[in-house]
Amino acid sequence: RVNLSYGRSRSYLSYTLGDKRMRETTTLSTGQTDDLRTDSRISHQVGLGTNLTLGEHNSLGAQILGNYANERLLLTQSMHNRLKWTNLYGTLYHTLQAGRWSLQTTAEGSFGRSDLRREGSPQGVASKDDNQFARLALDFSHQLSCIFTLYLGAEASHVSVDSRVTNRTGITTLREWNIEGYASLRFRLERLSGYAGLRIAGEYRKGSLGVGQGEFFRSGSELLPYASLRYTPARDHQISLTHSSSYTRPSYRDLLGYISSASEVLAREGNRNLSTSYRRSLTLNYSYLQAAQLELSYVDTKEPIVEAITQQGGVYVLRRHNLDYSRYLRALLVLPIPIIRQGELSWTASTYLAAQRQWDAGRIDRADYSKVFNAYYVQHKHNLGLPSGWTADLGVTYYSGLMFGLYHMQRQWWMDASVSKRIHDLRITLSAHDLFNTNIARGSYELSSPALAFERNWH
């Protein structure tokens, strides 16, 4: 990346090269093993951006990003997927400030194309996708007084996708409009601060699943309130109570009606009946020095999206469904302890503890599902700062047995480590996730008969 400053403008030019290689195996209790290898995913990104100061409180900026990726995913010794993907993204933003108010306008858009081919398959499966995205957003703030500030905003976005699959007639399409607006009022006193607001999210989604496959249609809106209250009883102490709400819409791929193989053993099938999931939470938090924390939270998710397994013609098929609800009550403790602070030598130990009680219920393939369980999580990390610019980190993470969606997971643990060296303005870092390859997910899917056990290793 090269940064350029001249007069009132600040610009940059960048290039990024990535080479990603992965291996993931899933062994089923049926004796089948799914061995996926990404070998490799080569990606290129070119970026160009500029920011121009038009006046004392007036600026204009633009950015263009171009991406290209070529991925080879090995499914078996003789069959693999080849994915080529290109995308061009641009954004334009303008900021204007005058007195107590400011207005930011953002316009962005992208155009992408992907080409997926199954090489070595007798069916010769291939698909080509064209996608377009456009978004316009306005964000306005006005300081009403030394205490109150008003925030208003609105945005509209449009998504268009056309997908062509060989050996199937017709084109699958998606046309989506999303419109959102928000208003919030913030205040700040000496010891008390907070905000309250309301967001309105509207959606209009229409798609064709191809000839003979039908269509899907979604429209509607949802009110999403949010609020927070923070109180500082003494120096370095803070208590907050926060309510938030959000949503998760099913992806276009999850709605498609045809079956597409993603590996040798497992296939994926769309579900046109998927609904948008809404999440609301209430959190009570106490913090000391903005580092040590004690937090209680309650989260209620309406119609969460989960992945279910069915068996069709001897092949296991993954298909997403909506549960009725998923709720949990969680307690979290974050405790950093400085052990040594002497010159260039420092040593800090941090502990994260979490415990939760969860309730899930719904209906999967005309079968009632209900589950209540407890789960625990602990992470212990050490950060060591040494003279001459050396830094070392070591952490251990542990999960108890829990339910991940509809999957019953056994306990897991792993270690992370990193070491870095700073030489003037240069820092060199070597890091390792799961240092001893102990992060192996073992579990079972109990809704199938008989229960399907599995073991997944990320190597």
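The values are calculated or read from the model by the stated rules, or taken from the named source; none is laboratory data. In this text the structure is predicted, and so the values were computed from the model without any measurement. Quick reminder, even Gly has a Cβ in these numbers, built from the backbone with ideal geometry, and neighbours come from all protein chains shown. The accessibility values were calculated without ligands, DNA or RNA, using every heavy atom of the protein model including side chains. Shrake-Rupley method; radii C 1.70, N 1.55, O 1.52, S 1.80 Å.
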* How far is the Cα center of the range 177-217 from the Cα center of the range 375-424, in Å? -> 35 Å
* Heavy-atom accessible area of residue 428 with all protein chains present, probe 1.4 Å, nearest 10 Å²? -> 100 Å²
* Provide, for the chain, the number of lysine pairs with alpha carbons under 30 Å apart, each pair being eight or more places apart or on different chains. => 10
* Asked: Which order do 24, 176 take by accessible area at a 1.4 Å probe, largest first?
  -> 24, 176
* Asked: Around residue 300, with a cut-off of 9 angstrom between Cβ atoms, what is the net charge of the other residues, counting Lys and Arg +1 and Asp and Glu -1?
  -> +4
* Where nothing but the Cβ of Lys and Arg (+1) and of Asp and Glu (-1) is charged, how large is the charge dipole of the range 77-201 around its Cα centre, in debye to the nearest 20? -> 240 debye
* Determine the dipole magnitude for the range 379-459: charges of +1 sit on the beta-carbon of Lys and Arg, -1 on that of Asp and Glu, nothing else is charged, the reference point is the Cα centre, and the result goes in debye to the nearest 20. => 180 debye
* With 20 Å bins from zero, work out the P(r) of the chain over every alpha carbon pair and list the percent per bin. => 16, 48, 34, 2
* Would you be so kind as to identify which of 361, 202, 271 lies farthest towards the positive end of the dipole of the chain, taking Lys and Arg as +1 and Asp and Glu as -1 on Cβ and the Cα centre as origin? => 202
* To do: Could you list which residues have their amide H under 5 Å from that of residue 256, counting only those 5 or more apart in sequence or on another chain, with H placed in the peptide plane?
  => 271
* Structure fact -> In deg cm²/dmol, rounded to the nearest 500, the helical mean residue ellipticity at 222 nm of the chain, built from -39500 (n - 2.57) for every DSSP H run of length 4 or more, is 0 deg cm²/dmol
* DSSP loop (so not H, G, I, E, B), at most 12 other Cβ within 10 Å: list which trypsin sites (Lys or Arg not before Pro) in the range 321-407 pass both filters. => 366
* Total charge dipole magnitude, the chain, about the Cα centre, Cβ charges on Lys, Arg, Asp, Glu only, Debye to nearest 20 -> 380 debye
* Using θ = phi - 60° and the Karplus form 6.51 cos²θ - 1.76 cosθ + 1.60, what ³J(HN,Hα) does each residue of the range 305-320 get, whole Hz, x for Gly and Pro? -> 8, 10, 9, 10, 10, 10, 10, 10, x, x, 10, 7, 10, 8, 9, 7
* Structure fact -> Expressed in µm² per second, the diffusion coefficient of the range 195-351 from the Stokes-Einstein equation, with Rh the Kirkwood radius over alpha carbon pairs, at 10 °C and 1.306 mPa s, is 81 µm²/s
* Can you check what the net charge comes to around residue 96, using other residues whose Cβ is under 15 Å from the Cβ of residue 96 (Lys, Arg +1; Asp, Glu -1)? => -1
* Structure fact -> Expected sort for 103-109, 317-323 on mean C-beta neighbours within 10 Å, highest first, is 317-323, 103-109
* **Rel. contact order, % - alpha carbon contacts under 8 angstrom, at least six apart, the chain** => 8 percent
* Structure fact -> the range 139-216 -> Rg/Rh from Cα coords, Kirkwood Rh, value 1.35
* Asked: What are the principal axis extents of the Cα atoms in the range 49-100, in Å, biggest first?
  -> 67, 19, 9
